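A.B. asks: Below is one structure. I have some questions about it.
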Amino acid sequence: MAKPVVKVAVTGAAGQIGYSLLFRIASGEVFGKDTPVQLHLLELPPAIKAAEGTAMELEDCGFPTLAGINISDSAVTAFNGINWALFVGSKPRGPGMERNDLIRDNGPIFVEQGKALARASQDVRIVTVGNPCNTNALIAQHNCRDIPATRFTAMTMLDENRAKAQLATKAGCNVGDVNVAIWGNHSSTMYPDFENGTISGKKITDVIKERQWLEGDFMKTVQQRGAAIIAARGKSSAASAASACIDHVKRLMERTPDGKYFSCAIPSDGNSYGVPAGLIFSFPVRSLGDGKYEIVKGLPISDYGKKKIEETTKELLAEREVVKDLLIK
Ligand code: NDP
């Protein structure tokens, strides 16, 4: 018997990330070859035509798993009955724009989309990719009190994948052998935790003994990878961002194998590593496979790690302050 249709909303569907993401979702790669997927594309009115063009291409791929495509410029319409909301669309940073301006500019989008989630299915899960993704997710979550806060997540998987790739190249191993998590904000303050991470079960610091490289070039490369790709290609890293979004959804759905974890920004429970309750903060997380997840507790954090976690916490608290009027208590 055919499985029930999974309804997936993608905002900013006509953007660069949307163009890489939609085809992979429609192909059955994410929810399985036996699960029909209905796509709900949300776009701004000027981009609706482009979204229609993408929809035509999706149809032309002939994916047996693609059950239908709706296109709308209204979040209320687009979120009707959805099981997943992938918040990709957000206003890009203009020339000379400060991060706080970007945060303020994006706020209203996520207030509106948070409210419209009231139309979603009871089991809806939200992944925020559009930047500043942690704070955008916080705004949406505060404006949608009907859905448990734990369903709101923001993506740090691309940072994790970038960290893994760098570590695997340095250690001469396969990316799959590396287990490493990102702490905090999806910004230059994020902390790829090489002190707790492992390569083939051994501590990263026992495999890669150059502490200077880990604290220096490694961190810098991961933090500045997006800019390096723009400098090289002339366009942003949309395909790898889309791929990370797919990894994020899959990791949440599948039980995490023993001894592993993944990076996911989630509302802090207030009892983990000194991070204030409610901040959407990236932790090492394990999925229990039934839609639930847990923060990996008890990892030893050195003074160096504490400083890094404090720094990214401070930045997220400052971002929360910038949008405090948009957060419903
Ligand atoms: P992209 O599809 O390239 O990026 C979308 C968002 O994802 C941006 O905020 C971007 O942040 C973020 N992002 C996260 N990780 C990455 C990464 N590694 N590389 C690139 N981006 C990343 O943007 P486009 O401008 O091509 O498309 C955005 C679309 O969203 C437009 O079509 C626009 O019309 C739409 N939009 C829709 C809204 C809605 O549906 N209500 C609201 C606002 C916009 P960063 O800018 O920091 O790279």
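A.B. asks: Could you put ASP177, ASP325 in order of accessible surface area, largest first, with the 1.4 Å probe and the full protein assembly present?
C.D. replies: Putting ASP177, ASP325 in descending order of accessible area: ASP325, ASP177.
A.B. asks: To one decimal place, what Kirkwood hydrodynamic radius in Å is obtained for the range 6-154 from all pairs of distinct Cα atoms?
C.D. replies: Mean inverse Cα-Cα distance, inverted, gives 15.3 Å.
A.B. asks: Hey, what's the range 157-320 come to in accessible area per residue, 1.4 Å probe, Å²? Kindly include the intermediate steps, with their values, before the conclusion.
C.D. replies: Working: 7280 Å² over 164 residues.
Per residue, the range 157-320 has an accessible area of 44 Å².
A.B. asks: For the range 183-244, state which trypsin sites (Lys or Arg not before Pro) are in a DSSP loop and have at most 11 other beta carbons lying within 10 Å of their beta carbon. Intermediate values should be presented prior to the final figure.
C.D. replies: Working: sites: LYS202, LYS203, LYS209, ARG211, LYS220, ARG225, ARG233, LYS235; in loops: LYS209, LYS235.
Filter output for the range 183-244: LYS209, LYS235.
A.B. asks: Got a number for carbon plus sulfur as a percent of the range 157-320's accessible area, 1.4 Å probe? Spell out each step's value before the answer.
C.D. replies: Working: 3600 of 7280 Å².
Of the solvent-accessible surface of the range 157-320, carbon and sulfur hold 49 percent.
A.B. asks: I've got another one for you. Take every Cα pair under 8 Å in the chain that's 6+ residues apart, average their separations, divide by the length, and report that relative contact order as a whole percent. Walk me through the numbers before you get to the answer.
C.D. replies: On the way: 641 pairs, mean separation 54.3, N = 329.
Taking the mean separation of contacting Cα pairs over the length of the chain, I get 17 percent.
A.B. asks: Rounded to the nearest 500 deg cm²/dmol, what is the calculated helix-only ellipticity per residue at 222 nm for the chain, with -39500 (n - 2.57) per DSSP H run of length n ≥ 4? Can you show the working numbers first?
C.D. replies: Details: 10 runs with 126 residues, N = 329.
Dividing the helical sum by the residues of the chain leaves -12000 deg cm²/dmol.
A.B. asks: Moving on. Taking the Cα centre of the chain as the origin and placing charges on Cβ (Lys, Arg +1; Asp, Glu -1), which of VAL323, SER90, THR65 is farthest toward the positive end of the dipole?
C.D. replies: VAL323
A.B. asks: Let me ask another. Order HIS248, HIS186, most accessible first, counting only protein heavy atoms with a 1.4 angstrom probe. Each step should come with its number before you reach the end.
C.D. replies: Numbers: HIS248 0, HIS186 40 Å².
Highest to lowest solvent-accessible surface, that is HIS186, HIS248.
A.B. asks: What figure, in Å² to the nearest 10, do you get for the accessible area of GLU57 with a 1.4 Å probe and non-protein molecules left out?
C.D. replies: Ignoring ligands and nucleic acids, GLU57 comes out at about 80 Å².
A.B. asks: Right, something else. How do ASP123, ASP159, ASP290, ASP247 rank by accessible surface area computed with a 1.4 Å probe, from largest to smallest? Walk me through the numbers before you get to the answer.
C.D. replies: Values: ASP123 75, ASP159 5, ASP290 100, ASP247 40 Å².
The ordering from most to least exposed comes out as ASP290, ASP123, ASP247, ASP159.
A.B. asks: Around LEU41, with a cut-off of 15 angstrom between Cβ atoms, what is the net charge of the other residues, counting Lys and Arg +1 and Asp and Glu -1?
C.D. replies: -2
A.B. asks: Which chymotrypsin sites (Phe, Trp or Tyr not before Pro) from the range 1-77 combine a DSSP loop assignment with at most 15 other Cβ atoms within 10 Å?
C.D. replies: none
A.B. asks: Counting only the heavy atoms of the protein chains, how much of THR150 is accessible to a 1.4 Å probe, in Å² to the nearest 10?
C.D. replies: 80 Å²
A.B. asks: Give me log10 I(q)/I(0) at q = 0.16 Å⁻¹ for the range 195-264, Debye formula, one equal scatterer per alpha-carbon, no solvent.
C.D. replies: Each listed q maps to, in turn, -0.83.
A.B. asks: Where the Cα atoms of the range 157-320 are projected onto their three principal axes, how long is each span, largest first, in whole Å?
C.D. replies: Extents along the principal axes: 39, 35, 34 Å.
A.B. asks: Work out how far the C-alpha atoms of the chain reach from end to end along every principal axis, then list the three figures in whole Å, largest first.
C.D. replies: If we take the Cα atoms of the chain, the spans are 52, 44, 41 Å.
A.B. asks: Taking the chain as a Gaussian network, where each spring joins two C-alpha atoms under 10 Å apart, which residue of LEU288, LEU41, LEU86 fluctuates the most?
C.D. replies: Per the Cα network of the chain with a 10 Å cutoff, LEU288 tops the list.
The values are calculated or read from the model by the stated rules, or taken from the named source; none is laboratory data. Quick caveat, the model's predicted, so the values are computed rather than measured. Note that each Cβ is placed from the backbone with ideal geometry, even for glycine, and that neighbours are counted across all protein chains shown. Only protein heavy atoms, including side chains, enter the accessible area calculation; ligands, DNA and RNA are left aside. Shrake-Rupley method; radii C 1.70, N 1.55, O 1.52, S 1.80 Å.
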